[in-house]
Amino acid sequence: MPQLAFAKSFWDTYDVLDKQVKGGVRKAMAKFQQLSIAELHADKGLHLESVNNARDPRMRTIRINDFWRGVVLAPDDGSGTFLLVSVVPHDEAYTWAARRLYTVNTATRALEVRNAVAIEQLTPALEQAAAQAPTLLFAGHSDGALRHLGIDDQVLRAVRTIVDKPQLDAFGALLPEDQFEVLQYLAEGFTPDEVYRDVVAERTPAATGAPVDDTLDTAIANTTSRILLVSSPHELAEILKKPFAAWRVYLHPSQRRVAYRTSYRGAAQATGGPGTGKTVVALHRVKYLLGRSPTSRILLTTYTNALAASLRENLALLLDDEEQLARVEVTTVNAYAHRVVRGLAGRVSTPIGDLEERQVWRRIRRRFDLPWTEQFLAQEFRNVILAQRVRDADQYRTISRRGRGSALGTRQRDALWQAVAAFAGELRSAGQTTHLQICSRAADLLREADGSAYRFDHLVVDEAQDLHPAQWRVLRATVAPGPDDLFITGDPHQRIYDSRVALAALGIQVAGRTSRLRINYRSTAEILGWSAGILRDIPVDDLNGEDSDSLSGYLSLLRGRQPQVQGYPTAQAEVAAVVRHLGEWLGGGIRSNEIAVCARFNVLLDQMDDALADAGIPTVRVRDNPAPDAEGIRLATMHAMKGLEFRCVAVIGATASAVPFGREVTPPEVDRLQHDSDLLRERCLLFVACTRAREALHVSWHGPASPFLPGLGATHPRSAI
């Protein structure tokens with residue numbers, strides 16, 4: 001019986017098909033696992049046939065229905081593995097298949113595809129233009145160095161015509177995948193040695209001493225980052241039922257090196273921009289640690305309930321062993337701290353939210369006639385007192401207030417401490433507390449009491465950038481220091497809460513054990529490039545709080561449409577236009593649960609909800625934790641979008657009054673450093689919202705536009721870009 005494999009390019013076409021066509025794909029694919037090679041060729045319904053004048057003689061087409069054809073790469077010798085590469089309309093299928101050539105990369109031994117005809121047609125004209133160019137992009141790299149990285153002769157000739165990075169990007173859709181990735185890294189300034197180490201070597205199969213085998217079966221086995229081999233009819237049915245789920249927990253080679261390292265001598269950290277697979281790496285690290293020891297217990301934790309629910313769902317996809325799942329507790333840091341305090345102290349005060357806390361500070365400010373705003377008081381309590389575990393007035397008089405831009409003398413500190421004591425007393429009298437106070441209490445209890453029932457062998461932390469020092473302390477107390485104690489993933493560019501830490505000061509040393517993921521596997525290069533403009537030239541502290549991080553070197557190998565950016569005169573006009581735009585996405589075959597609409601505030605989401613209901617389009621609120629397959633466009637605030645992803649995202653209400661939101665930004669005259677930090681947090685929030693989109697992004701506003709939107713240069717409504 002033949003085997004069947006799916007190229008990643010297939011899923012991109014399969015996702016947009018309607019249900020009837022998908023049914024035809026499932027029926028055709030089932031035949032590859034039911035029939036022999038001879039029966040496949042004889043089957044009149046499948047109509048497996050060669051492609052005339054094809055650059056690749058292995059190229060075949062199959063019949064899905066009267067309008068659609070599947071494009072298949074046949075095994076070299078007529079037996080072995082068939083690779084389904086795309087589903088294309090009938091009239092385009094033969095032209096599409098005839099122009100593509102599948103080859104084996106000379107360095108990675110992986111299967112890759114190029115538009116051979118287009119490259120041949122373009123190269124001579126580009127050579128003439130390059131002869132007149134003052135500089136060429138890859139002039140500093142020898143032919144030998146490029147060949148060592150897997151660049152073959154046809155691509156090398158084309159590469160020698162490329163003038164700059166925009167021209168390389170324009171050429172990218174025609175070039176083989178691994179070779180294009182190598183060229184992108186070189187264009188970003190990485191040395192050939194660095195590219196070989198971080199890209200090529202990670203994808204090169206281990207040497208066996210055997211002769212090089214370039215058969216299709218072997219090349220497929222070497223291309224696990226882009227090809228999925230199906231082993232059974234049951235697996236085929238599951239994959240075709242939920243195609244995206246097959247890749248949600250899939251590791252690419254550079255990620256595997258981080259997740260499956262035999263051991264780290266202490267805490268380890270993986271950072272990376274949006275879509276680089278940090279969460280997938282964290283999940284696989286859990287899998288590795290579970291498999292290494294039959295008794296180890298692991299705490300997998302994150303910042304919000306929605307993220308914790310997503311981690312549970314994806315971990316269940318990755319692990320098919322109920323015993324292993326039982327040894328992992330997946331929860332938020334706050335929920336875990338709450339459980340610790342309840343278990344070790346017997347009771348927990350009721351935690352209050354940010355709005356309620358701000359109201360208490362407002363009463364305290366008025367009671368003592370303080371010169372500071374309630375926002376300043378809340379930030380001082382959070383970022384100085386709780387962050388540094390300040391216990392009394394004497395300690396507060398001398399504590400460093402690094403990161404705060406307003407100096408406080410001794411008398412001012414005494415007055416502020418009096419307000420802190422009053423704040424704590426009011427909460428205590430009401431039987432209330434804050435989440436961070438619960439975390440501080442939990443850390444103390446774990447250090448002082450016998451908290452063995454609440455300790456774990458390993459701790460894996462996802463979305464670490466938003467954790468407060470008080471939360472880090474409870475985590476540090478959860479697992480004993482030693483090899484593989486903590487595994488941390490995060491991205492400082494997605495820090496949307498006011499938390500900055502120095503991990504070393506909290507007993508978490510990651511020096512020498514930090515990995516950076518640079519390839520975005522989720523969003524298209526167009527979405528990533530536009531979104532990166534929100535943070536361009538803005539310094540961002542790294543996760544250690546000791547240096548700065550940047551988006552330089554982060555790349556996406558996916559291509560797509562430019563984000564659509566448009567302003568409107570009123571909220572009503574914006575909502576009506578977005579409803580029409582959502583209808584176009586739905587009409588194009590995108591499922592409702594693959595679309596999200598996000599806004600800074602629920603007020604605008606409510607208007608959108610009503611408008612969609614009037615249009616007969618179902619909606620679901622993300623805050624209600626809907627099942628992944630539940631029908632309905634997802635509606636969420638920008639904060640709730642953290643850690644999620646959708647094929648299409650509409651970011652609405654990106655106005656100057658909402659992003660940045662004035663009430664959340666400290667006036668510069670009160671505290672210049674906090675003002676700058678607040679503005680950065682607002683930028684990061686918009687950046688997070690926009691980078692949730694995989695294929696299509698639509699950003700809109702009414703009235704003056706947010707000053708953070710890239711390339712506008714003005715704050716007035718404008719036409720689509």
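Values as computed for the structure displayed
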read-out: Taking the chain and dividing mean pair separation by its residue count, relative contact order in percent (alpha carbons under 8 Å, at least six apart); value: 12
read-out: P(r) of the stretch 293-430 over all Cα-Cα pairs, binned every 10 Å from zero, in whole percent; value: 10, 29, 26, 19, 12, 4, 0
read-out: Estimated 222 nm signal from helices in the chain, with DSSP H stretches of n ≥ 4 weighted -39500 (n - 2.57), rounded to 500; value: -12000 deg cm²/dmol
read-out: Histogram of C-alpha separations across the stretch 366-501, 5 Å bin width, %; value: 2, 8, 16, 19, 19, 15, 11, 7, 3, 1, 0
read-out: Residue-by-residue Karplus 3J(HN,Hα) for the stretch 604-615, coefficients 6.51, -1.76, 1.60, Hz, glycine and proline x; value: 6, 5, 4, 5, 5, 4, 5, 5, 5, 4, 4, 8
read-out: Descending semi-axes in Å of the stretch 56-106, equivalent ellipsoid built from Cα gyration tensor; value: 20, 13, 8
read-out: Candidate aspartates and glutamates - alpha carbon under 13 Å from residue 27, same-chain residues fewer than 8 apart omitted; value: 43
read-out: Compactness of the stretch 260-354 - radius of gyration and Dmax, Cα, Å; value: 15.2, 43
read-out: Accessible area per residue, Å², the stretch 304-444 with all protein chains present, probe 1.4 Å; value: 49
read-out: Within the chain: Cβ-based charge dipole about Cα centre, in debye rounded to nearest 20 (Lys, Arg +1; Asp, Glu -1); value: 1560
read-out: Pairs from 22/278; 19/287; 22/44; 8/287 whose Cα-Cα separation, in the structure shown, is over 26 Å; value: 22/278; 19/287
read-out: Sulfur and carbon atoms: percent of accessible area, the chain [1.4 Å]; value: 50
read-out: Pairs of Cα atoms farther than 24 Å apart, the stretch 524-655, %; value: 37
read-out: Accessible heavy-atom area order of 296, 429, highest first, probe of 1.4 Å; value: 429, 296
read-out: As computed over the chain, the Cα convex hull volume per residue (Å³); value: 183
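The values are calculated or read from the model by the stated rules, or taken from the named source; none is laboratory data. A quick note: this is a predicted structure, and the numbers were derived from the prediction, not measured. Using ideal geometry, Cβ is built from the backbone for each residue, glycine included, and neighbour counts are taken over all protein chains shown. For accessibility, only protein heavy atoms count, side chains too; no ligands or nucleic acids. Shrake-Rupley method; radii C 1.70, N 1.55, O 1.52, S 1.80 Å.
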